[in-house]
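> The following block contains the structure, expressed as structure tokens.
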Amino acid sequence: MKSIQIVKGVAAALMAFALAGSAAAQQPSQGKMIEQVKKRGKLQVGMASFVPWAMRDKQGAWIGFEIDVAKKLAGDLGVELELMPTAWDAIIPSLNASKFDVIIGGLSITPARQESVEFTAPYSQSGVGVTASKKLAANLKWPDDYNKSDITFTCKRGIAACNEVQKQFPKATLRQFDDAAIAFQEVINGNAHASVSSEPAPTFVTLQNPNQLFQPTKDYLLVGREGMALRKGDPDSIAFLNAWIAKANDSGWLKERHSYWFRGRDWAEQVAQ
């Protein structure tokens, strides 16, 4: 009788252990990085200075799209934010050296980078945009009328935008310059039909020269997508951040912030010219 009670007791203990393990398995882990951040009470974010991703205002404080994203993430985690400006060519090595928790800095998702870091789902996108001369191109239909031998594009030599123009508009003439400002100025002066560059430069130069320039399309000629980057080996933190990004997308917050920083210049007075 006693032996039967012992067996029943062992069985009950094993069942309780199994149920506890099952319940624990059903509770999603926050991930190593997220847990460390909450324990520390501070989110350390690696970023670099690029207008309007991240820049100093007239008082020396950091502002920009990526700063908004980092602030909201830290706030939703209930922790402080520590921004850690880093040279762009050192930002991935610094992450992998554990100098900060995550990169939130306009880092495009590429196969080469994925060999070194783990990316979240995209939370923003960028790409190659175009601005055109009102004098020369106002009556041209995008994109068909731009792929003709009497159409001239300009761009800064060596950038991806130049290759994209040659690919999408092979019949057009392409003039390349060492300085992007000169490439834009040729269009402003009416010496070329259109200029291409990475956004938001084409949008900003159009807003600054409304009498001379317009954008024949708001679509990107070439699209890049940016994700947050973490050290490899932390899938639970990636899943946590993906859920955060999905919520910020669904609420419209990410779109609103991206439009504010990239589609207009209402923020320009905050920055020293």
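> Scan the range 110-127 for residues that are in a loop (DSSP other than H, G, I, E, B) and charged (D, E, K, R) and jot them down.
The one that is in a loop (DSSP other than H, G, I, E, B) and charged (D, E, K, R): Glu115.
> Here are some conditions: (1) among the charged types (D, E, K, R); (2) without any contact (Cβ under 8 Å) to a residue 60 or more places away in the chain; (3) part of a loop (DSSP other than H, G, I, E, B). Lys232 meets all but one. Which one does it not meet?
(2)
> Let me confirm something: among Phe119, Phe184, which residue is at pLDDT 95 or above, assigned by TED's automatic domain parsing to the domain that holds Ile91 and within 30 Å of Lys255 (Cα to Cα)?
Values: Phe184 fails: assigned by TED's automatic domain parsing to the domain that holds Ile91.
Among Phe119, Phe184, only Phe119 is at pLDDT 95 or above, assigned by TED's automatic domain parsing to the domain that holds Ile91 and within 30 Å of Lys255 (Cα to Cα).
> Being in a helix (DSSP H, G or I) and at pLDDT below 95, is that true of even one residue in the range 70-89?
Scanning the range 70-89, I find at least one residue that is in a helix (DSSP H, G or I) and at pLDDT below 95, so the answer is yes.
> Additional query: Which helices (runs of 4 or more DSSP H) does the range 128-225 wholly contain that include 1 or more residues that are touching a Gly at 6+ places or on another chain (Cβ under 7 Å)?
Answer list for the range 128-225: 134-137, 201-208.
> Go through the range 82-100 and count every residue that is of a type in the set (Asp, Glu) and within 17 Å of the chain's Cα centre (by Cα).
The qualifying residues number 1.
> A follow-up question, please. Answer yes if at least one residue in the range 120-134 is over 20 Å from His258 (Cα atoms) and surrounded by fewer than 18 Cβ atoms within 10 Å (Cβ to Cβ), and no otherwise.
Keep residues of the range 120-134 that are over 20 Å from His258 (Cα atoms), which gives 132-134.
Still in the list and also surrounded by fewer than 18 Cβ atoms within 10 Å (Cβ to Cβ): 134.
Checking the range 120-134: at least one residue is over 20 Å from His258 (Cα atoms) and surrounded by fewer than 18 Cβ atoms within 10 Å (Cβ to Cβ).
> If you don't mind, another one. So which of Ser251, Ser195 ends up being over 17 Å from the mean Cα position of the chain (by Cα), farther than 30 Å from Ala97 by Cα, modelled with pLDDT of 95 or more and assigned by TED's automatic domain parsing to the domain that holds Met55?
That would be Ser251, the only listed residue that is over 17 Å from the mean Cα position of the chain (by Cα), farther than 30 Å from Ala97 by Cα, modelled with pLDDT of 95 or more and assigned by TED's automatic domain parsing to the domain that holds Met55.
> Can I ask one more? Aliphatic (A, V, I, L, M) and either in a helix (DSSP H, G or I) or within 13 Å of Tyr123 (Cβ to Cβ) (or both), is that true of Ala272?
Considered against the rule, which asks whether it is aliphatic (A, V, I, L, M) and either in a helix (DSSP H, G or I) or within 13 Å of Tyr123 (Cβ to Cβ) (or both), Ala272 comes out as no.
> Taking Leu241 and the conditions (1) closer than 19 Å to Ser108 by Cα; (2) touching a Ser or Thr at 6+ places or on another chain (Cβ under 8 Å); (3) in the same structural domain as Arg157 (by TED's automatic domain parsing), which numbered condition does it fall short on, given that it satisfies the others?
The one condition Leu241 does not meet is (3).
The values are calculated or read from the model by the stated rules, or taken from the named source; none is laboratory data. No experiment lies behind these values; they were computed from the predicted model shown. Neighbour counts run over all protein chains shown; Cβ positions are idealised from the backbone, glycine included.
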